[in-house]
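Quick one: the structure is below, questions incoming.
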Amino acid sequence: MKNILKWIALALLIAGLVLALALLWYRSASQPQIKGRLKLAGPAAAIDIIRDAEGIPHIYAQSAADAYFALGFAHAQDRLWQMEMNRRIAAGRVAEILGSSALPTDRFLRTLGIRRNAEKILANLSPEARMALEAYSRGVNAYLANRKGPLPPEFIITGAPAPAAWSPADSIAWQTMMAWDLGANWSQEILRMRMAQRMSLEQITQFIAPYPGDAPVKTQDYTKFYRELGGVTQQLAAVAAIAPPSYVQGMGSNNWVVAGGKSETGKPLLANDPHLGLSAPALWYFAHLSAPGLNVIGATLPGIPGVALGRNDRIAWGFTNTAPDVQDLYIERINPSSASQYQTPTGWENFQIRLETIRVKGQPDVQMEVRETRHGPVISGALPILDKANVDARKYAVAFAWTALRSDDMTFQSAMMLNRARNWQEFLEAMKYFHSPQQNVVYADVDGNIGFIAPGRVPMRKSENDLKGLAPALGWESRYDWTGFIPFEKLPRQFNPASQQIATANEKIVGKDYPYFITSEWDLPYRAVRIAELLAAKPQHNVDSFAAMQKDDISLAARELLPILRQTKGRSARAQEFIARLGTWDAKMDAKQTDPLIFQAWLREISRRIFADELGDDLMQDFWAHRNFHRAMANVLKNVDGQAKWCHDVGKKGSAQSCIELLADALEAALADLDKRFGSMAKWRWGEAHMARSEHRPFGKVPALSWLFDIRLPSSGDSFTINVGRNNLRDEEEPFTSRHAASLRALYDLADPENSRFMHSTGQSGNVFSPLYRSFAERWGKVEYVPMRMKRETVEKNKLGTLTLSP
């Protein structure tokens, strides 16, 4: 028996050693080649890819086509799994490798037809834009054809096949998915339709509060009609639940620029930090492309050629999301005599119908019929019809109109032109082709000019449209049809303003006299106000003061509520102690402090008690994600227009509960919840609860693997601080975890562009076994930067290696 146990122990030891050796081999073999020379079919001349000490590729080519080829090669070397997932998501082909759990979202994206539309867009692009896409695709495919090491670990773990050849349409499709991330009007329309099942229009208008200082947008009372469409409403709610996540409260961005008069250098300074979902690896990949007529550095998107956010040797630019209303839902009436037709203002028309086949790992293929109307794809058919929707489904379908689903979307072409722009006029010419998603773009150049424009296609709606794009409209009535887009010349813009500064943070960017409707659902202005305060705090700024601004974690949203919360009568000793501390708390959402955690937990319980009894549990979960739900809560607590009435629990009989009583109940509940989650109060720290989680796709959803592939670190801020960190209150398991933050930070010095800096949230590599997988994370958390340099002699001094690609 002892001998048997010894042999078993020896066998286990040998197996462990073999596994350890295999992992060591794999870790080394799976890293990309970054030194030496490779002969490849594709480039016209030799290309040098110099990776600096941070793993950032600096590409020196003899033509723009070769530069894009090398970028495709480098993207594939470092981010192959990410690229594969991105194109499968856009094409609705994830279930092929992940199985039935991915099928519902595949159904939705097949219904939208993003990949199909990308093919149409491609045919309309300029020869120069198609050249860039084709050269980039050749670079990706050259890597696939010549790689010698094993595939990234995700391919091995999932059993996914080696990637097929990359195509230009794959790039365009992912660009459209980026537009999806930054738009969510359709989900707001569904939210109103769902609320109409149980609330009046007045109640909906108060719960979905208008922008501060604006009156509610006047619409017809749609609640009665929507209540007759209960089945359609349920179907749409189910469809919204399977769609990829899009714009929510806390997503957005900051950018600001000052002219030379407000800069210590006498030349402009520009800052930008887009707030997007945190992922591992990061959404962004830094790169520098140098070729005749092209010298640009900044943040690229793996799968797409060119620099999305950055600078060249003459200009710099930065984006924030405008969040215009560019998506509308249309209720289409089906011909009772022929299910293949729907009603239009001029009579019955046939649906356009196509069949989609979705392959599902380990299961039979799924066939689905997709219908389209003159407005767009019928999204109510993205899922099999729910039982309760059967009657409605025979009468109505719901189509989806979106500016990004047009075959003449030239946004990619705009990016190519932007990378080469040398001055304000060339910048504006590039912006003419920027169609989706509309962005607030700030500009600066080495000549001392600053500017701003909000390019993008924004639908114009008729004056008789009495829904204003806020709720699903009747598809057979022409008054709800779009009449075109706001002319480019009429879009908001500034050039060298007298104030010598421009800043945007997703707030309202137009005054009352602006003649066109962009949206009524602007983000709340807390960050914009705070940026203005800090810009005014110094007569002149430098790169370091801009960095300090990007690190700022004062929450004006918290500061607004403090006078009300301080009136609470604590019922326990520790509640009273916390309320006393609120007297001196400055609303700083500091990772090292306890008070921000209690404050956030308290707000969660306050909002639940105010709204959940009217909304119900399911709606409450989605209401927490509504962009401006904080405004509705503030209006109740401040008793704007008598809204303190919502503090009363409709389920309780007797005298109405006051907001002061509700606050006391909520604080005790919050403290009890924190006890359960974190133990002794001595352990409570905002940063530990508010971990910035960069989630891997798909292993972030797999506990046995997420510990390895996800990246977590303590973080400051909240949804309304400049240094943003949005937590998802509806997440019962991790309601305080930061999932949306500054995915990228950049500072541009136009007096000395080589003094510019940037940082993204993880690292350059997408290989979890690479030292560059998480090499940026800790510094990103501290709001530090790496240099944004283009001069070859500087890059050569501190590099990891040079790889030459030769024909």
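Tell me, please, whether a residue that is in a helix (DSSP H, G or I) and modelled with pLDDT of 95 or more can be found in region 501-519.
No: region 501-519 contains no residue that is in a helix (DSSP H, G or I) and modelled with pLDDT of 95 or more.
On the given criteria, is A165 in contact (Cβ under 8 Å) with a residue 40 or more places away in the chain and either over 19 Å from A64 (Cβ atoms) or assigned to a helix (DSSP H, G or I) (or both)?
No: the conditions fail for A165.
Quick one: in region 419-433, which of the residues that are touching a residue at least 24 places away in the same chain (Cβ under 8 Å), open to solvent by 10 Å² or more (accessible area, probe 1.4 Å) and in contact with a Lys or Arg (Cβ under 9 Å, 6 or more places away or on another chain) is nearest to S290 (Cα to Cα)? Lay out the reasoning, then the answer.
Going residue by residue through region 419-433, those that are touching a residue at least 24 places away in the same chain (Cβ under 8 Å) are 419-424, 427-428, 431-432.
Checking the rest, the ones that are also open to solvent by 10 Å² or more (accessible area, probe 1.4 Å) come to 420, 422-424, 428, 432.
Now restrict to residues that are in contact with a Lys or Arg (Cβ under 9 Å, 6 or more places away or on another chain): 422-423, 428.
On the way: R422: 15, N423: 18, L428: 23 Å.
Result: R422.
Can you tell me which residue in region 109-144 is least open to solvent (accessible area, probe 1.4 Å), limited to those that are free of Cβ contacts under 8 Å to residues at least 60 places away in the same chain and hydrophobic (A, V, I, L, M, F, W, C)?
A118
Only residues in region 174-189 that are more than 18 Å from A118 (Cα to Cα) and part of a helix (DSSP H, G or I) count as the first member; pair them with residues that are of a type in the set (A, V, I, L, M) and open to solvent by less than 10 Å² (accessible area, probe 1.4 Å), Cβ under 7 angstrom, at least 6 apart or cross-chain, and list the lot.
W186/L329; E189/L329; E189/A471
So, P377, is that one surrounded by 24 or more Cβ atoms within 10 Å (Cβ to Cβ) and of a type outside the set (S, T, Y) or not?
Details: surrounded by 24 or more Cβ atoms within 10 Å (Cβ to Cβ): yes; of a type outside the set (S, T, Y): yes.
Criteria met by P377.
Could I ask something else about it? Are there helices (runs of 4 or more DSSP H) fully within region 596-680 with at least 1 residues that are in contact (Cβ under 8 Å) with a residue 24 or more places away in the chain, of a type in the set (S, T, N, Q) and open to solvent by 40 Å² or more (accessible area, probe 1.4 Å)? List them.
Details: elements: 617-623, 629-637, 659-678.
Of the helices (runs of 4 or more DSSP H) lying wholly inside region 596-680, those with at least 1 residues that are in contact (Cβ under 8 Å) with a residue 24 or more places away in the chain, of a type in the set (S, T, N, Q) and open to solvent by 40 Å² or more (accessible area, probe 1.4 Å) span 617-623.
Here are some residues: A271, A291, A238. Which one is surrounded by 21 or more Cβ atoms within 10 Å (Cβ to Cβ) and more than 20 Å from F629 (Cβ to Cβ)?
Numbers: A291 fails: surrounded by 21 or more Cβ atoms within 10 Å (Cβ to Cβ); A238 fails: surrounded by 21 or more Cβ atoms within 10 Å (Cβ to Cβ).
From the options A271, A291, A238, the qualifying one is A271.
Residue by residue through region 93-111, note down the ones that are of a type in the set (S, T, N, Q) and within 23 Å of the chain's Cα centre (by Cα).
Keep residues of region 93-111 that are of a type in the set (S, T, N, Q), which gives 100-101, 105, 111.
Once the filter is applied, which keeps residues that are of a type in the set (S, T, N, Q) and within 23 Å of the chain's Cα centre (by Cα), region 93-111 yields S101, T105, T111.
What tally of residues in region 561-589 results from selecting those that are surrounded by 17 or more Cβ atoms within 10 Å (Cβ to Cβ) and among the polar types (S, T, N, Q)?
So the count comes out to 1.
Condition first: open to solvent by less than 70 Å² (accessible area, probe 1.4 Å) and assigned to a loop (DSSP other than H, G, I, E, B). Can you find one or more residues in region 526-540 that meet it?
no
While we're here: Test of understanding: among R730, R745, which residue is under 22 Å from the mean Cα position of the chain (by Cα), within 22 Å of F286 (Cβ to Cβ), not hydrophobic (A, V, I, L, M, F, W, C) and not in a helix (DSSP H, G or I)?
Every option except R745 fails the conditions.
Only one of these conditions is not met by A751: (1) under 29 Å from the mean Cα position of the chain (by Cα); (2) in a loop (DSSP other than H, G, I, E, B). Which number is it?
All conditions pass for A751, except number (1).
Being over 31 Å from the mean Cα position of the chain (by Cα) and open to solvent by less than 10 Å² (accessible area, probe 1.4 Å) narrows it down to one residue among T344, T403; which is it?
Values: T403 fails: over 31 Å from the mean Cα position of the chain (by Cα).
Going through T344, T403 in turn, the sole match is T344.
The values are calculated or read from the model by the stated rules, or taken from the named source; none is laboratory data. It should be emphasised that the depicted structure is a prediction, and the values quoted were computed from it without experimental measurement. As a convention, Cβ positions derive from the backbone with ideal geometry for all residues, glycine included, and neighbour counts pool all protein chains shown. For the accessible areas, the whole protein counts, side chains as well, though only heavy atoms, and no ligand, DNA or RNA atoms are used. Shrake-Rupley method; radii C 1.70, N 1.55, O 1.52, S 1.80 Å.
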